[in-house]
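Notes for the one structure printed next.
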Amino acid sequence: MPLRILHALYTVDPGEGGAMENVRLLSAVCRYLKHRIEVLAFACGDAAWRRQFPGVVHEVGAGCARGEATQRFMLWLREHARDYDCVLVGGAEGRNAYRAWRVLRETGVPYFVFAPRYLGFSKGVPREWAKTKQRLFWPLAGYPLFRDAHAVFFSSEEAKREVRGCFWPYDCHEFVLTCGVADVLPGHNTQGGAGFPAAHPEWAGKRVFSVLAPGADLIPDALLRAVRTLAEAGLWNRDSMRLVLAGFDDAGAADALRRAVERHGLGGIVHGVGTPGASERRSLLQASKALVQPAQAENSGRAVAEALAAGKPVLIARGLNLWREVLGHSVGLAAEDSEAGYTALFNGWLRESPAGRAAFGANARRCYETHYTEQAAANTLTAVIYLLIGATQAGGQSVAPDIFRHEMDFL
């Protein structure tokens, strides 16, 4: 039976990052499955992007003052929420989340929450201001939002464990939802990748290790120290190996990275580039030997899924999204966020036989096709919605979260 699903968001501006892209991808696949997908948002951003969105968008706050936009959002939801089988609430801190909870607890319409990637306290990243803000808002807004939701979706097992230990009180039905990403672009293959090297001919024929950190403003110093240690030991070939950090658009951040590279004596080895678009990201991954995800790469889940789609292994810091899945599916290596940890990652990679590296790549592509396609994410999402809505309609008081331990149970 087709579902009627409403996304309640603060904005659908693609500039907001991976969350908006996930909504777009899920909406496209859900429409293919005959589900009715609509979006309620305070603002929509670029009008051209709105026209391309695969679903109806209700923008209620355009041109309004903050208070008026909030009232319009709540009024629209109160009048129309019962027209849908469920509501998917994006985020946990935004105005949309708290206001949606206030309305939906009155209407009784089932709702689900997508926990934002930055909700937990990132390891190795100084975010004291964020911690203080989250601790203050949690008992009044975050806790009731999670408590009354039919389920809270996390991007990885690690994200779920981290949030559990960060907040009190804490009570919700947890579920790890697959991070669905589009397959490699038409005309590309998982071994090619001519697009990105064409823009950087100086890297042609080099062994490239890429770091995808959209909007990065922190330098992964431990990673740079590890590369320096390897280079000094003669294990990092200065002629053939390159580390490319993508995401340094800001001039100040780019200058800081350049100074760090010079300080560690890694000129010609480590390169920083701006945030690539979707096509450039895929091309960079296809041209890489592996994806490297240091602790500063907070949006690691999407990058890891994209690497798997390109059939590329992943070298990841423990504690980041999907690091447990990387080890569990044998698609790469994981180590601690330290100079010794990153040194061990590269040493482990260099010690692998060609057959072992090829197996990592084959496992990566197989893992993507099984768990991280757009279709897999949509199937998992709708399976959970069907199950929980059905349990509620049948009179069930609650559903034990243990049945949601692994997303692949629903595939």
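The values are calculated or read from the model by the stated rules, or taken from the named source; none is laboratory data. Just so it is clear, the model here is predicted, and its values are computed rather than measured. All Cβ positions, glycine included, derive from the backbone under ideal geometry; neighbour counts span all protein chains shown.
Among the residues making up segment 326-342, a single one is surrounded by fewer than 22 Cβ atoms within 10 Å (Cβ to Cβ) and either under 21 Å from Arg282 (Cβ atoms) or in contact with a Ser or Thr (Cβ under 6 Å, 6 or more places away or on another chain) (or both): His329.
Could you say which residue among Ala41, Ala28 is within 24 Å of the chain's Cα centre (by Cα) and modelled with pLDDT under 65? Don't jump to the end; show me each part of the working.
Working: Ala41 fails: modelled with pLDDT under 65.
Matching residue, one of Ala41, Ala28: Ala28.
Residues that are surrounded by 22 or more Cβ atoms within 10 Å (Cβ to Cβ) and more than 9 Å from Gly180 (Cβ to Cβ) within segment 368-377 comprise just one, Tyr368. Here the strands (runs of 3 or more DSSP E) wholly within segment 207-325 that include at least 1 residues being charged (D, E, K, R) are 207-212, 241-246, 288-293. If the condition is being within 22 Å of the chain's Cα centre (by Cα) and more than 28 Å from Phe153 (Cβ to Cβ), then segment 361-392 contributes only Gly361.
Before we move on, is Arg357 over 21 Å from Val211 (Cα atoms), among the basic types (Lys, Arg) and modelled with pLDDT of 85 or more? Criteria not met by Arg357. Look at (1) under 19 Å from Ala310 (Cβ atoms); (2) within 25 Å of the chain's Cα centre (by Cα); (3) acidic (Asp, Glu) and you find that Glu352 fails only one, number (2). Is at least one residue of segment 171-188 within 28 Å of Arg366 (Cα to Cα), modelled with pLDDT of 80 or more, in contact with a strand residue (DSSP E or B) (Cβ under 9 Å, 6 or more places away or on another chain) and assigned by TED's automatic domain parsing to the domain that holds Val273? Within segment 171-188, none of the residues are within 28 Å of Arg366 (Cα to Cα), modelled with pLDDT of 80 or more, in contact with a strand residue (DSSP E or B) (Cβ under 9 Å, 6 or more places away or on another chain) and assigned by TED's automatic domain parsing to the domain that holds Val273. Annotation note: Cβ proximity below 8 Å between a residue of segment 231-250 that is of a type in the set (Val, Ile, Thr) and a residue that is part of a helix (DSSP H, G or I) (sequence gap 6+ or interchain) occurs for Val244/Trp203; Val244/Leu284.
Could you please give the count of residues in segment 202-238 that are of a type in the set (Asp, Glu) and either at pLDDT 90 or above or under 20 Å from Val304 (Cβ atoms) (or both)? Steps first, please.
Initial filter on segment 202-238 (of a type in the set (Asp, Glu)): 202, 217, 221, 232.
Those left that are additionally either at pLDDT 90 or above or under 20 Å from Val304 (Cβ atoms) (or both): 232.
Matching residues across segment 202-238 total 1.
Scanning segment 319-336 for residues that are in contact (Cβ under 8 Å) with a residue 12 or more places away in the chain and within 17 Å of Arg366 (Cβ to Cβ) gives Leu322, Glu325, Val326, His329, Ser330, Val331, Gly332.
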